[in-house]
Amino acid sequence: MPPFPHRTAIFIPDLGEVRLRDHEYPTVFHSFPFDQLYRCLEHERSLRARRYRPNVHTVPCGFDDLRVWWHKGDPDCVYQWSSYDYVNNRPIINGRMIPQDILVPGLNPDDLDPLVRKRRAQEYQELSTYHIREAARCARLEERGKRARLEEKALRAQEKLADENPAVVVDEEDRGDTGREEGQPEQGTAGTDSSAMRVDDDVPGDSNSEGATHKVA
């Protein structure tokens, strides 16, 4: 790419802008994006073709500042910007018009069309929404997989513990089979008490035994 045809302007195509030094404050630079420069070029064409009408057309924002800073930064530049004499109602042409492919290389004018930009913005929004949903879906699947792996790891740890300590598992199973509520008597206790009571009934010295003694006498 040939050098930019302006002595003090800073041409940054990667950022899509041109920076011009302030003639009153040399340490200050003013940035002009490519889309704004393109509108200024359209206004410059209108001035040079004598098509501009103050009561019909508008002036792009920053056009007069661009013209002044451009000229102050390099008065000898063959490319200059025109102006308009509103008193005499006529354009004032200065120098040559800078070619579009030098000032804003690679700029597609369709990018500046409001309808095209709106359609592209909608497409970008739809694409962004799709990517957000896909990212959320992948995150959910990853979380499920992580949970499943943790559960499988815990199950394997339990199985390993059971293989290494079988007595612990057997003891727990025994307690589960013989468990009973607190205060409940063991099985067979009631039967033992009943047998003891029946034995007590046959103890000598009851009424039947006394009757037998009197008869012998």
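The values are calculated or read from the model by the stated rules, or taken from the named source; none is laboratory data. Every value quoted in this text rests on a predicted model; they were computed, and no experiment measured them. FYI the Cβ positions are ideal-geometry reconstructions off the backbone, even for glycines, and counts take in every protein chain you see. Calculation scope for accessible area: heavy atoms of the full protein, side chains included, ligands and nucleic acids excluded. Shrake-Rupley method; radii C 1.70, N 1.55, O 1.52, S 1.80 Å.
Within the set F11, F29, the sole residue that is open to solvent by 50 Å² or more (accessible area, probe 1.4 Å), under 41 Å from the mean Cα position of the chain (by Cα), among the aromatic types (F, W, Y) and modelled with pLDDT of 90 or more turns out to be F29. If the condition is being closer than 14 Å to R51 by Cα and touching an Asp or Glu at 6+ places or on another chain (Cβ under 8 Å), then the range 71-98 contributes S82, S83, P91, I92. Applying a threshold of 7 Å to beta carbon distances and a minimum spacing of six or more residues, or different chains, the list of pairs starting in the range 145-160 at a residue that is part of a helix (DSSP H, G or I) and ending at one that is open to solvent by 100 Å² or more (accessible area, probe 1.4 Å) and at pLDDT 85 or above is empty. In the range 85-108, the residues that are more than 20 Å from Q36 (Cα to Cα) reach residues that are open to solvent by 100 Å² or more (accessible area, probe 1.4 Å) and of a type in the set (K, R) with C-beta atoms within less than 8 angstrom, at least six apart or across chains, in these pairs: P91/R50. Within the range 21-45, the residues that satisfy the criterion of being in contact (Cβ under 8 Å) with a residue 40 or more places away in the chain and not aliphatic (A, V, I, L, M) are R21, D22, H23, F34, D35, Y38, R39, C40, E44, R45.
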